[in-house]
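What follows is a set of notes on a single structure, which appears directly below.
Nothing in this text is a laboratory measurement; each read-out follows from the coordinates by a stated rule. Bear in mind that the values here come from a model prediction, so they are computed numbers and not experimental data. We place every Cβ from the backbone using ideal geometry, glycine too, and count neighbours over all the protein chains shown.
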């Protein structure tokens, strides 16, 4: 009976302790060094620099890189070690994925 009493709290503790390090290891931000501006960190929800809204920088092979299809008025771009999904009209970063996390 005492085993049943302590099993659920122990199981929850074990579950949360495994999940915290995995969550902490995911960094969904990029630090850009901009001439004349200095270092600037961008993350999901922020505005991407204007050049990343240009069609020339869009990843045309997003499917080969195992990325989800971009929605209407969205495009995948590469910024340093991340794949970044950018909303073109307003420049908002919708998603950031580490390149190392995507199967090649």
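Quick check: residue separation of residue 78 and residue 54 times 0.36 nm, minus the Cα distance between them. What number comes out in nm?
7.4 nm
What nm value, rounded to one decimal, do you get for the distance between residue 90 and residue 33 when each label is placed 7 Å out toward the C-beta?
3.3
If we sort 65-76, 84-95 on the protection proxy, mean other Cβ atoms within 10 Å, highest first, what's the order?
The most tightly packed comes first, giving 84-95, 65-76.
So if each residue of separation counts as 0.36 nm, and I subtract the Cα-Cα distance between residue 102 and residue 69, what length gain in nm does that give?
Contour length minus Cα-Cα distance gives 10.5 nm.
Calculated FRET efficiency, residue 61 and residue 40, Cβ-Cβ r, R0 30 Å, to nearest 0.05?
For residue 61 and residue 40, the calculated efficiency is 0.60.
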